[in-house]
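Down below is the structure, laid out as structure tokens.
Any read-out appearing in this document is the output of simple, stated calculations on the displayed coordinates, not a laboratory observation. Not measured: the values here are computed from a predicted model. Positions of Cβ are backbone-derived with ideal geometry, glycine not excepted, and every protein chain shown enters the neighbour counts.
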Amino acid sequence: MKRVFIIAFVAIVSALVSCNQNAEIAKLSAQIDSLTVAVQQLQSDQFEMKDQIQALQRKKSSSTQQTASAAQSESSSKASSAQETSAKSKSEVKSEAKSESKSESKSESKSSATATSASVSGYYMKIGTKSELKSAGLLDKNVIKKGIVNTEGLNMSIFKKIDIRSTREIKIKAYKPKLLTNHPNKSYEMKLDEDSEEDITYLKIKDIDAFWSQSHFLVIQY
């Protein structure tokens, strides 16, 4: 009887152990299934995240290209604007230069016209011996003072009008003629014609402006 009881107890224990093992196995199997689902979900989330990252990268690349294109377009626009401004500035400078040139040309023309008029009507010459100059009243007291001719009350017909532009050399039939009017020494020279059988001296004007700067009259005594 005792032996039967022992056999029965062993059988019951074995059954209980077997049931516990089955329960553990079932539990482990359920955990494995749960982990598998979790892993699959993580993989799915990973793929989705990867797609999002790639989309963001494409968007960023496109944005960068658009920014670069816009910057290049703006730079080209600025360069074109600068060229147009430069061309306009050059055109304005040329226009101003032409205007100034025309203005200067007109001014020079007016000045030239005035100088021409003065050269024709404003300069006079008289050459003669002492007696001839005295008869003309040029040797009277205070008529020629310090090389300047006082024309007050003087008969202007005794003078010859000259054009100083063309009057660069004056022939004087004398050995040592004398200038009674004032003319800077460096503006002229008196040169005797050594090849001539007669006494002939040439008055050569080297600097027209300087020669006529102090007197519009040239009075020569020989």
Query raised in the report: Pairs 141/191; 146/178; 145/173; 130/160; 178/204; 146/176: which are spaced more than 22 Å apart, C-alpha to C-alpha?
Result: 141/191; 145/173
**Report entry** Charge tally in the Cβ shell below 9 Å around residue 203, where Lys, Arg are +1 and Asp, Glu are -1, residue 203 excluded
**Finding:** +1
Query raised in the report: Between residue 56 and residue 185, what is the spin-label point distance in nm, taking each point 7 Å from the Cα along the Cα→C-beta axis?
Result: 10.1
Report summary line: Expected unfolding gain across residue 157-residue 196 under the 0.36 nm per residue rule, minus the alpha-carbon gap, is 10.9 nm
